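Just below is one structure, and these are the notes that go with it.
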Amino acid sequence: MRIGILNSGGDCPGLNAVIHGVVGAADQLGWEVIGFKDGFEGLLPPGDYTVLKPKDTIGIVKLGGTILGTTNKGNFAAKIGKGNLAEVPAEIVAKAKRTLDQLEIRALVIVGGDGSLTTALQLYREGWPIIGVPKTIDNDLQATAMTFGFDSAVSTVVDGLDRLHTTAESHKRVMVLEVMGRHAGWIALWGGIAGGANVILLPEIEFSTEKVAEVIRERDAQGHHSTLVVVAEGAKLPDGELVTINQNDGGEVRLGGIGDIVARRIETLTGKETRACTLGHLQRGGAPTALDRILGTRFGVMATKLAEEGRFGRMVSYQAYHVDSVPIEEAVNKLRTVEPDSEMVEAARAIGISLGD
């Protein structure tokens, strides 16, 4: 049997581990794996793909990014903005299906986030043998407790905060670190707690820059003359504004810039020298952590098992330390966000971290 795999959407650490898991498990079954390049675009005639054998995946687990390439643009961009769905045109689907049929692909593993899995669901409903694997550093898919790439992103945030702490302390400055997190603040919350942040600003909790300034003044009075602030890119300003760079044609708007705005307001309100730093795509790059390498590999193995059992239209899912699967339709467009009264938020408050509210 021959199966296919493609990566779609943003890259993240652990993608190569998924490829390694699929190829390794498929080889044990005597199957051949076809890797489509640059996401769904690789399906379009004449097809852009490569045959993947175990020798081709030696050593890739430790590599960031993906050996197949990926894209969040092109003919298959089916998700426009939060909650707004658009179908891939029928003629594009038909062209891609011809490639699948000509190559005699009996199962197609699609590794992607909410938008890519929305496309996967459409293709499944049109008769494609689809299996989904969740991928997002934001860790915001409701149907899985954790996605690979998240732990690596958090580790990058922690490393950034460790470095900012020393320079902030040396100059008695406030340092504002902007991290990824469009609709959910998991990266900011986990990274902020682990990295010793004093203030964490999330999309899910309304904050006041006056409250943040008050925290900084209190710290100064107590002899703590430096403060670390972590803000998720999707956190809204006190007036409800979402800070964007520009409109991303064919997709969601590009977020960014809230760190600079928060830093300027803090400096105005406190008179303290304040600097902003944006991690941006540093959170997506680099070698995956051990956890993401293992999780990605397990996800790839489970995807191959689902193909063996003919259980299509399902997405690999991680719950209670166990990898299983759920229907894709139960996974897409259902985001898992930080609950303001959750145990994790309460833990942050208990150790003196301000959420700006």
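Heavy-atom accessible surface of region 102-150, averaged per residue, reaches 25 Å², computed with a 1.4 Å probe.
Backbone amide hydrogens, once placed in the peptide plane, bring ARG2 within less than 5 Å of GLU32, ARG106, excluding anything fewer than 5 places away on its chain.
Could you list the residues of region 119-144 with an amide nitrogen less than 19 Å from a label point located 7 Å from the Cα of MET1 in the Cα-to-C-beta direction? 124-125, 127-133, by backbone N distance to the label point. The string of couplings for region 93-105 from the Karplus curve (6.51, -1.76, 1.60, θ = phi - 60°) is 4, 5, 4, 5, 5, 5, 4, 4, 5, 5, 8, 6, 6 Hz, one whole number per residue in order, with x for Gly and Pro.
Could you report the accessible area of LEU291 in Å², rounded to 10, computed with a 1.4 Å probe on the protein chains as they sit in the structure? About 80 Å², ignoring ligands and nucleic acids. Note that region 225-236 has calculated 3J(HN,Hα) couplings of 8, 10, 9, 9, 10, 10, 10, 6, 4, x, 5, 8 Hz, one per residue in order, obtained from phi through the Karplus relation 6.51 cos²θ - 1.76 cosθ + 1.60 (θ = phi - 60°); glycine and proline are x.
Express the carbon and sulfur contribution to the solvent-accessible surface of the chain as a percent, rounded to the nearest whole number, probe 1.4 angstrom. The partial results should precede the final answer.
On the way: 7260 of 14930 Å².
It is 49 percent, rounded to a whole number.
Solvent-accessible area per residue in region 175-274 equals 40 Å², computed with a 1.4 angstrom probe and all protein chains kept.
Note on ALA194/LYS73: beta-carbon distance plugged into 1/(1 + (r/R0)^6) with R0 of 35 Å gives a FRET efficiency of 0.55. In order along region 273-289, the phi-based Karplus estimate (6.51 cos²θ - 1.76 cosθ + 1.60, θ = phi - 60°) of 3J(HN,Hα) comes to 4, 10, 10, 10, 9, 10, 6, x, 6, 4, 6, 8, x, x, 5, x, 5 Hz; Gly and Pro are listed as x. Estimated at the nearest 10 Å², the accessible area of LEU255 is 20 Å² with a 1.4 Å probe. Taking 20 Å as the cut-off, the amide N atoms of region 182-207 that come nearer than this to a point 7 Å along the Cα-to-beta-carbon line of ASP341 belong to 185, 202-207. Loop-resident trypsin sites (Lys or Arg not before Pro) (DSSP state other than H, G, I, E or B) in region 20-81 with no more than 15 further Cβ atoms inside 10 Å of their Cβ: LYS62, LYS73.
As a test, work out the antiparallel percent of DSSP beta bridges whose residues both lie in region 29-137, rounded to the nearest 5.
Close to 50 percent.
Taking 20 °C and 1.002 mPa s as conditions, the chain diffuses translationally at an estimated 102 µm²/s according to Stokes-Einstein applied to its Kirkwood radius (Cα pairs). Calculate the FRET efficiency for SER208 and THR268 from the Cβ-Cβ distance with a Förster distance of 22 Å, rounded to the nearest 0.05. Efficiency at R0 = 22 Å is approximately 0.95. When nucleic acids and ligands are ignored and a 1.4 Å probe is applied, LEU282 ends up with an accessible area of around 110 Å². Distance between the pseudo-spin-label points of ALA94 and THR50 (7 Å out from Cα toward the beta carbon): 3.3 nm. Mind pulling the angle between the C-alpha long axis of helix 15-28 and the longest principal axis of the chain? Nearest 10 degrees, somewhere in 0 to 90. Here the helix axis deviates by roughly 30 degrees.
The amide H of GLY185, built 1.01 Å from its N in the peptide plane, has GLU204, VAL338 as neighbours under 5 Å, considering only residues 5 or more places off or on other chains.
The values are calculated or read from the model by the stated rules, or taken from the named source; none is laboratory data. What you see is a predicted model; the values in this text were computed from it and never measured. Virtual Cβ from ideal backbone geometry, glycine too; neighbours counted across all protein chains shown. In case anyone asks, the SASA skips ligands and DNA or RNA and just uses the protein heavy atoms, side chains included. Shrake-Rupley method; radii C 1.70, N 1.55, O 1.52, S 1.80 Å.
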